[in-house]
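Notes for the one structure printed next.
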Amino acid sequence: MACIGLMGFAGLVQAAGTGITAGQVTQNAVKWQQEPLSRQVLSDLATLHQTLASYCKSDERSPDLSEVRTAFGKASVSWGAMRAAVFGPMLEFDTLRLIDFQPTDPEMIHNAALTKPHGEADMILIGSAAKGFPALSWLLFQKNIKPGQAECNYAVEVTHDITDTINSLDWRVHDDGDASEVNAEQSRALQSYFRQLVGGVHDLAWDGLEKPELRIQQGSAPQWPSGDPAQADAYLQQTWKALRELLLMPDPAAAQDTAHTVISLEAYLRSRGYSVVANHLHAQIVNVDAQFKRVQTKDTASVNKTADALKVLQNLMQGEVSKTLGFKLNFVALGDY
């Protein structure tokens with residue numbers, strides 16, 4: 001199926017949107033993917049905050065810990081999609097380090113909880129290893145926090161801190177300066193964006209699939225990136241869905257609304273006349289997509305096959321695609337410039 005119609009794609013460059021600019025690619029990705037995903041994360045965090053605060057109060061109408069874990073799992077899955085590739089305001093504000101720093105530090109969490117922080121002024125003094133989604137995961141699934149414990153109230157503050165961090169992101173487009181300065185900045189932003197796409201593919205392969213599987217082989221708990229074992233598969237699927245949207249044209253034969261939708265990497269390549277490279281990229285994304293339709297975290301073979309397919313995609317992007325676009329990739333890591 002991956003090969004069907006690929007030879008005909010070369011004649012469809014106009015349909016992809018001729019002359020798509022670097023600014024359109026990066027700005028559309030922020031406006032039509034990252035910002036909407038942030039609203040879903042904030043909605044799920046609001047539910048988590050309410051559920052957790054009620055649990056920690058411990059009255060007869062309070063939810064139990066399983067309900068808190070379920071609420072956390074939903075927020076974590078939404079966050080997984082939002083952090084699939086880190087660009088725009090998330091990169092500028094170092095969001096990944098602030099709310100998804102790993103490894104978490106249990107001793108630091110315990111000490112932070114004893115200080116009984118309240119509000120942004122207190123939480124800003126606490127190290128990243130004791131905050132964010134990983135810290136919440138440890139509190140809910142390893143510490144098994146109970147009402148009345150300092151750690152329970154601290155978990156409420158951590159949830160509020162994550163919400164504040166995401167709320168602080170500035171989604172506005174800032175195109176200041178003359179045309180040459182704007183064009184130069186947009187070109188730099190596109191190269192940074194591309195690095196983050198490569199970093200996202202690598203992160204999903206290694207942290208999402210290979211590393212947890214390696215821990216299983218070593219006889220340790222897998223520690224899936226969802227933070228909630230019950231949501232591991234959903235987290236991986238939503239993360240890939242978000243990456244896929246940034247990489248793949250849904251229909252290369254159809255005209256694309258470049259003003260009101262994400263402009264994929266494939267569409268950008270085709271608009272620039274790089275149809276052969278775009279064909280190679282399309283075929284490999286479809287191959288990864290096929291693996292994700294079958295992958296399950298409890299199935300080692302499917303995990304390994306999916307990780308291998310992602311690594312082939314990463315190598316293609318770091319090699320042929322980056323060379324075609326004139327990008328130099330000395331080091332690629334999700335969340336790093």
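The values are calculated or read from the model by the stated rules, or taken from the named source; none is laboratory data. Computed from a predicted model, the values in this text were never measured in an experiment. In this analysis, Cβ positions are derived from the backbone assuming ideal geometry, glycine residues included, and neighbour counts consider all displayed protein chains. Areas reflect the complete protein model, heavy atoms only, side chains present, ligands, DNA and RNA absent. Shrake-Rupley method; radii C 1.70, N 1.55, O 1.52, S 1.80 Å.
Some notes on this structure:
- Hey, residue 115 at pLDDT 95 or above, of a type outside the set (A, V, I, L, M) and open to solvent by 80 Å² or more (accessible area, probe 1.4 Å) or not: yes
- Assessment of the range 255-275 against the conditions (among the hydrophobic types (A, V, I, L, M, F, W, C), surrounded by fewer than 16 Cβ atoms within 10 Å (Cβ to Cβ), under 22 Å from the mean Cα position of the chain (by Cα) and at pLDDT 95 or above) yields no matching residue.
- Residue list for the range 160-181, restricted to those being more than 15 Å from residue 39 (Cβ to Cβ), at pLDDT 95 or above and in contact with a Lys or Arg (Cβ under 9 Å, 6 or more places away or on another chain): 161
- Checking residue 78 against (1) at pLDDT below 95; (2) closer than 26 Å to residue 231 by Cα, the condition it does not meet: (1)
- Put simply, of 295, 321 the only residue that is in a loop (DSSP other than H, G, I, E, B) and crowded, with 17+ Cβ neighbours inside 10 Å is 295.
- Within the range 31-62, being more than 12 Å from residue 155 (Cβ to Cβ) and open to solvent by less than 20 Å² (accessible area, probe 1.4 Å) holds for 33, 34, 38, 41, 45.
- Hey, residue 221 among the hydrophobic types (A, V, I, L, M, F, W, C), under 30 Å from residue 139 (Cβ atoms), open to solvent by 20 Å² or more (accessible area, probe 1.4 Å) and in contact with a Lys or Arg (Cβ under 7 Å, 6 or more places away or on another chain) or not: yes
- When the range 6-30 is limited to residues that are loosely packed, with under 14 Cβ neighbours inside 10 Å and not in a helix (DSSP H, G or I), the one that is modelled with the lowest pLDDT turns out to be 18.
- Pick from the range 142-185, criterion on the phi > 0 side of the Ramachandran plot and touching a residue at least 24 places away in the same chain (Cβ under 8 Å), ranking: least open to solvent (accessible area, probe 1.4 Å): 144
- Where a residue in the range 220-242 is within 15 Å of residue 299 (Cα to Cα) and of a type outside the set (Gly, Ala, Ser) and its partner, wherever it lies, is open to solvent by 30 Å² or more (accessible area, probe 1.4 Å) and part of a loop (DSSP other than H, G, I, E, B), with Cβ under 7 Å and at least six apart: 233/296
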